[in-house]
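What follows is a single structure, written as structure tokens, with notes after it.
FYI, it's all coordinate maths here, none of it is from the lab. Everything numeric in this text was worked out from a predicted model, so none of it was measured. Here the Cβ positions follow ideal geometry from the backbone for every residue, glycine too, while neighbour counts run over all protein chains shown.
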Amino acid sequence: MSKESKTYKNMPKKIYIRTFGCQMNVRDSEVICGLLKKEGYKFTDEPKDADVILFNTCSVRQHAEDKVWSEIGRIARDRSGTVPVIGLIGCMAQNYKEKIFERAPNVSFVVGPSDIHKIAEIIEKVLGISKQAGTVPKKRGQSPFVKGQSPKSGDSPFFLRKIWETDGSIRPEEIYHTGFYEDKEHAYVVISEGCSNFCSYCVVPYVRGGLRNRNYKDILKEIEEAIEKGITKITLLGQNVNAYQCDGINFVTLLNSVNSLKGLKEFSFITSHPKDTSTDLFKAIADLEKLKKYLHLPVQSGSDKILKLMNRGYTRKFYLDLVDNYRKIVKGGILTTDIIVGFPNETESDFEGTRNLLEEVRFNAAYIFKYSTRPHTEATKLDDNLPLEEKEKRHGEILELQKKISKSKNER
Ligand code: SAM
Ligand code: SF4
């Protein structure tokens, strides 16, 4: 590290981080905090006090992205005259790369999910660029501050003051071992990154890459380190945990190993994909005393036609049989799901299939989403042909139905 960058650290810069999206992003933000704290940065809960504002973003639905664009605009308005350094990280960074700068010129740097270990170095470089404001290098390649791939938009000097890192594929294992967890008792532990399922509506494989499993020894080591710090509850994280494989260790074997860790009181996992869910998993949930009797099993739709178009790899009957099996093996087990309404070509009778699946299964809770077209995905080839009012009507109906089911289950 250069002397100059040390000088910056000596007047500790304050960081504000805002997280959008799923638990994976919550964990990524913790990882970033842990890494930046190690480099001497301080954190603040107040954007107005921050020297650097980080947005850890989500691209799963258009609505999640819209929130980020409007927040960037708001921060810039609130801080006019003293605009802080703004960094956009996570799934939107990967989705739009340097195009982010065209839409949000106040953003100074963009970092994809597989490059988060570079953020401390990037912040130092950006602070260096701000210090030398006005010295726009003449040619790309001359600047010590420019990293990342060449902008497709050409040699515009505008881009030469920006940094973007979106080419990474492997996260170094060390980033998971800073020992920083937001909560004193509970920790999220990533077991796999990315996803190779390519559900036709989903942007995750494109912005987070294909499935990569962490080594099980590293996972167990991280949990042991967390337990030493006082953590007693763990949630194992992955987009499809059931597909976990490493050196002959599968997900159920991993659950057994975690269960036997001394000092751990309780653990759970998300998310399971129905096509990879087995009776062995249900037996583990029933038998392992520290494992919560809880399964989140996204069904997405109750129509075989729509499940096929979604490339989910199972039928309605397969899903219902799984549920029967789960309930037989895991007595009193909690069951939750995700539903998408308004997928292209979803007719009234397809929708009815989803509605009666909810009535038949009676989930403890369901997360219900309106279909949102995502760039890169296969479903963009289908006509997003349901009017917004119809999607909203179906969304409202399913929400109402699930509310009644959840209420009656909780009253029992
Ligand atoms: N890997 C997990 C799975 O397969 O269930 C979670 C993926 S995603 C982060 C969480 C949920 O968002 C999905 O289960 C799905 O219901 C919803 N989702 C994903 N893409 C969507 C889209 N394009 N439009 C609406 N909802 C979407
Ligand atoms: Fe997306 Fe499907 Fe992978 Fe879940 S399993 S992250 S919905 S592609």
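Using C-alpha pairs below 8 Å separated by at least 6 residues, the relative contact order for the chain is 11 percent. The alpha carbon gyration tensor of the range 176-333 gives principal lengths a ≥ b ≥ c with a/c of 1.5 or higher and a/b no greater than b/c, which makes the shape oblate.
Other residues lying with their Cβ under 15 Å from the Cβ of GLN23 contribute a combined charge of -2, Lys and Arg counting +1, Asp and Glu -1.
Put the Cα centre of the range 330-395 next to the Cα centre of the range 195-229 and the gap is 26 Å.
Rounded to whole numbers, the Karplus 3J(HN,Hα) couplings from phi for the range 257-268 are 5, 5, 4, 8, 6, 5, x, 7, 9, 7, 8, 8 Hz, using 6.51 cos²θ - 1.76 cosθ + 1.60 with θ = phi - 60°, and x at Gly and Pro. Placing unit charges on each Cβ (+1 for Lys and Arg, -1 for Asp and Glu) gives the chain a dipole about its Cα centre, and among ILE270, THR347, TYR319 the Cα reaching farthest toward its positive end belongs to ILE270.
To the nearest 10 degrees, how steep is helix 23-38 against the longest Cα principal axis of the chain, on a 0 to 90 scale? Taking the Cα atoms of the chain, the angle to 23-38 is about 30 degrees. Rounded to the nearest whole Hz, the Karplus-based 3J(HN,Hα) values (6.51 cos²θ - 1.76 cosθ + 1.60, θ = phi - 60°) of the range 166-175 follow the sequence 9, 9, x, 10, 10, 8, x, 4, 4, 4, with x at glycine and proline. If one takes the longest principal axis of the Cα atoms in the chain, at what angle in degrees, from 0 to 90 and to the nearest 10, does the Cα axis of helix 119-131 lie? Approximately 30 degrees, to the nearest ten.
Fewest neighbouring Cβ atoms within 10 Å first, the residues PHE363, PHE369 line up as PHE369, PHE363.
Taking ARG74, ARG374, ARG316 in turn, the Gaussian network model of the chain (Cα-Cα springs below 10 Å) assigns the largest fluctuation to ARG74. Tally Lys and Arg at +1 and Asp and Glu at -1 over the other residues with C-beta under 15 Å from the C-beta of PRO375: what net charge comes out? In short, +3.
In the structure shown, the pairs LYS14/LYS221; LYS292/LYS409; LYS162/LYS381 are assessed against 25 Å; a Cα-Cα span above that value is assigned to LYS14/LYS221; LYS162/LYS381.
Each residue of the chain gets 159 Å³ once the volume of the Cα convex hull is shared out per residue. In terms of surrounding Cβ atoms within a 10 Å radius of their Cβ, HIS177, HIS296 rank from fewest to most as HIS177, HIS296. Here the sum of -39500 (n - 2.57) over DSSP H runs of 4 or more residues, divided by the residues of the chain, equals -12000 deg cm²/dmol at 222 nm, to the nearest 500.
A simple charge model with +1 on the Cβ of Lys and Arg, -1 on the Cβ of Asp and Glu and nothing else charged puts the dipole of the chain at about 780 debye relative to its Cα centre.
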